[in-house]
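The values are calculated or read from the model by the stated rules, or taken from the named source; none is laboratory data. This one's a predicted model, so the numbers in the text were calculated from it and none came from an experiment. Cβ placement follows ideal geometry from the backbone for every residue including glycine, while neighbour counts extend to all protein chains displayed. The accessibility values were calculated without ligands, DNA or RNA, using every heavy atom of the protein model including side chains. Shrake-Rupley method; radii C 1.70, N 1.55, O 1.52, S 1.80 Å.
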Amino acid sequence: MGVFLGTAFGFPTVLFTPLLIVVLGYWIFVVVGAADTEMLDSVNADGDAAGLSAVLSKAGLGRVPVTVALTMLICVAWFVSMMGSILTTLIEITSTPLLYALGAVVLLIALVAAWAVTSGVVMGFQRFLPKRRGDSKHELVGRTCVIRIGEAREDFGQAEITTAGGAAISIPVRTTSGEVLPLGSTALIFDHSPGDDVFLVTAFDAALDPGQS
């Protein structure tokens, strides 16, 4: 147990051990229903990946939720780092700088192995995974949004909408026929103007919502 703890909290594995603890805690919350697997996924108003989703997509890991990709990366990196660190302890080295140099090599190997394994797993299961995408501008039509940053008028307006992935994004909105929507009010997106790249909105009446009983 002493060797395990010493390696887990020694360089370079100590860089991954806290992350592994967070990952384990997160999945416990997921199992009990207190967290969502897509809580870190985010898209912009065009429906394209943003934030961590964009970073992982560029790394070839965008076909799975961000939390799943990060979990695989952290677990593989921690395991490889642990094994590498244990192997380095078998080498009789007394020089501290050399030990840190070997640790840096193990760290690099762990990071590369984590990406390679995770990428391979994602690509292997790619055919079985449904295509993941955000909300396109056309798909936002018919949804409701909340007016932010002052009033929404014919010449100005900004609103917040929650995408299917649970991410809150800001979109430009405009009203028609002189309608003015106050800050914090709920509006219905009824069209998208491609010329100005804005969404046309009107006041939303919850009583007219067929989904309300």
(request) Express in Å², to the nearest 10, the accessible area of residue 151 obtained by rolling a 1.4 Å probe over the protein heavy atoms while all chains stay in place. (result) 90 Å²
(message) Need one value: the accessible area of residue 83 in square angstrom, 1.4 angstrom probe, rounded to the nearest 10.
(response) 80 Å²
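Counting only protein chains, not ligands or nucleic acids, how are 89, 144, 118 ordered by accessible area (probe 1.4 Å), most first? The partial results should precede the final answer.
Values: 89 95, 144 60, 118 0 Å².
The ranking, largest first, comes out as 89, 144, 118.
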(message) Keeping all protein chains in the complex and leaving out DNA, RNA and ligands, what accessible area do you get for residue 192 with a 1.4 Å probe, in Å² to the nearest 10?
(response) 40 Å²
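Given a Förster radius of 25 Å and the C-beta distance between residue 11 and residue 59 as r, what FRET efficiency does 1/(1 + (r/R0)^6) yield to the nearest 0.05? Write out the running numbers ahead of the final one.
Numbers: r = 25 Å, r/R0 = 1.00.
After rounding to 0.05, the efficiency reads 0.50.
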